[in-house]
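Here's the structure, in structure tokens; my notes come after.
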Amino acid sequence: RKEVEQDPGPFNVPEGATVAFNCTYSNSASQSFFWYRQDCRKEPKLLMSVYSSGNEDGRFTAQLNRASQYISLLIRDSKLSDSATYLCVVNGGGADGLTFGKGTHLIIQP
Amino acid sequence: NAGVTQTPKFRVLKTGQSMTLLCAQDMNHEYMYWYRQDPGMGLRLIHYSVGEGTTAKGEVPDGYNVSRLKKQNFLLGLESAAPSQTSVYFCASSYSRQANGYTFGSGTRLTVV
């Protein structure tokens, strides 16, 4: 069974701090990787894709370590609006599509 | 551009009743998916479709049926609702299995009493 494991949190972080999340995945044949953001009672939305070389989008940096089957997300200068659940998502390449982690809950405190 | 639209947004059913959830996308996507999300369980795949006229079982298909008669619509049916089917249901679509992420609908909150 394909699995994606995340620390559920919650992570309570002061505004302006840097916070990092990790996840691990079990399917070594996984082909693409993503971080989604989900606000309370809303649908998940794509935050960013994750590439082997690492990639950055503003205050967000994602890293992939294929050898260790490990994905990370770093948020710098955190804002109150960053409070959400962050889902680690893996595409194994099969027709059944994406496998979602259970999410890490982040609370940014003023 | 509506994206993925789910109807209804909320519903309360009595045990044993039936209903159909509708998912409609206007992006000409081939792939469509139905998920359920429960506290502490994350998103779990119920059924999916790789194109018009095709359906396949996901991780938790029992108690549900689906149909994809038109490319833009993916219907999820509950023939005899049970309290265990109380959940938030999300539909998603993508243009290929390697798509850079999915587009989700806003969800249907279903309560079975």
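The values are calculated or read from the model by the stated rules, or taken from the named source; none is laboratory data. Every value quoted in this text rests on a predicted model; they were computed, and no experiment measured them. Here the Cβ is made from the backbone with ideal geometry for all residues, glycine too, and neighbour counts use every protein chain on show. Surface areas here come from the heavy atoms of the whole protein model, side chains and all, with no ligands, DNA or RNA. Shrake-Rupley method; radii C 1.70, N 1.55, O 1.52, S 1.80 Å.
For residues that are within 15 Å of the chain's Cα centre (by Cα) and over 22 Å from B:Gln72 (Cα atoms), scanning just the stretch B:19-41, find the one that is most open to solvent (accessible area, probe 1.4 Å).
Across the stretch B:19-41, the extreme among qualifying residues is B:Gln37.
Filter the stretch B:46-59 down to the residues that are hydrophobic (A, V, I, L, M, F, W, C) and surrounded by 16 or more Cβ atoms within 10 Å (Cβ to Cβ), then identify the one that is nearest to B:Ser87 (Cα to Cα). Steps first, answer last, please.
Going through the stretch B:46-59, the residues hydrophobic (A, V, I, L, M, F, W, C) turn out to be B:46, B:50, B:56.
Now restrict to residues that are surrounded by 16 or more Cβ atoms within 10 Å (Cβ to Cβ): B:46, B:50.
Numbers: B:Ile46: 12, B:Val50: 24 Å.
Within the stretch B:46-59, the match that is nearest to B:Ser87 (Cα to Cα) is B:Ile46.
Condition test on A:Glu3, is it in contact with a Pro (Cβ under 7 Å, 6 or more places away or on another chain), in contact (Cβ under 8 Å) with a residue 40 or more places away in the chain and either open to solvent by 30 Å² or more (accessible area, probe 1.4 Å) or on the phi > 0 side of the Ramachandran plot (or both)?
Working: in contact with a Pro (Cβ under 7 Å, 6 or more places away or on another chain): no; in contact (Cβ under 8 Å) with a residue 40 or more places away in the chain: yes; either open to solvent by 30 Å² or more (accessible area, probe 1.4 Å) or on the phi > 0 side of the Ramachandran plot (or both): yes.
In short, no.
Can you pull out every residue in the stretch A:51-102 that is under 26 Å from A:Ala17 (Cβ atoms), of a type outside the set (D, E, K, R) and within 14 Å of chain B (Cβ to nearest Cβ)?
A:Tyr51, A:Asn55, A:Ala62, A:Thr85, A:Tyr86, A:Leu87, A:Cys88, A:Val89, A:Gly101
Under 16 Å from A:Gln38 (Cα atoms) and open to solvent by 40 Å² or more (accessible area, probe 1.4 Å), is that true of B:Arg109? First the steps, then the outcome.
Working: under 16 Å from A:Gln38 (Cα atoms): yes; open to solvent by 40 Å² or more (accessible area, probe 1.4 Å): yes.
The answer is yes for B:Arg109.
Restricting to the stretch A:57-97, what's the tally of residues that are assigned to a strand (DSSP E or B), under 13 Å from the mean Cα position of the chain (by Cα) and of a type outside the set (A, V, I, L, M)? Steps first, answer last, please.
Let us first name the residues in the stretch A:57-97 that are assigned to a strand (DSSP E or B), namely A:57, A:60-65, A:70-75, A:84-91.
This time we only want the ones that are under 13 Å from the mean Cα position of the chain (by Cα), so: A:60-64, A:70-75, A:84-90.
Applying the additional criterion that residues be of a type outside the set (A, V, I, L, M) yields A:60-61, A:63, A:70, A:72, A:85-86, A:88.
Qualifying residue count for the region: 8.
Give the residues of the stretch A:17-41 that are in a loop (DSSP other than H, G, I, E, B) and among the hydroxyl-bearing types (Ser, Thr, Tyr), sorted by residue number.
So in the stretch A:17-41, the residues in a loop (DSSP other than H, G, I, E, B) come out as A:17-18, A:26-31, A:39-41.
Correct list: A:Thr18, A:Ser26, A:Ser28, A:Ser30.
Report, ordered by the first and then the second residue, all pairs with beta carbons closer than 9 Å, sequence separation of six or more or different chains, a first member in the stretch A:46-74 that is surrounded by fewer than 18 Cβ atoms within 10 Å (Cβ to Cβ) and of a type in the set (A, V, I, L, M), and a second member that is outside any strand (DSSP E or B) and at pLDDT below 95.
Short answer, once both residue conditions are applied: A:Leu46/B:Asn100; A:Leu46/B:Gly101; A:Leu46/B:Tyr102.
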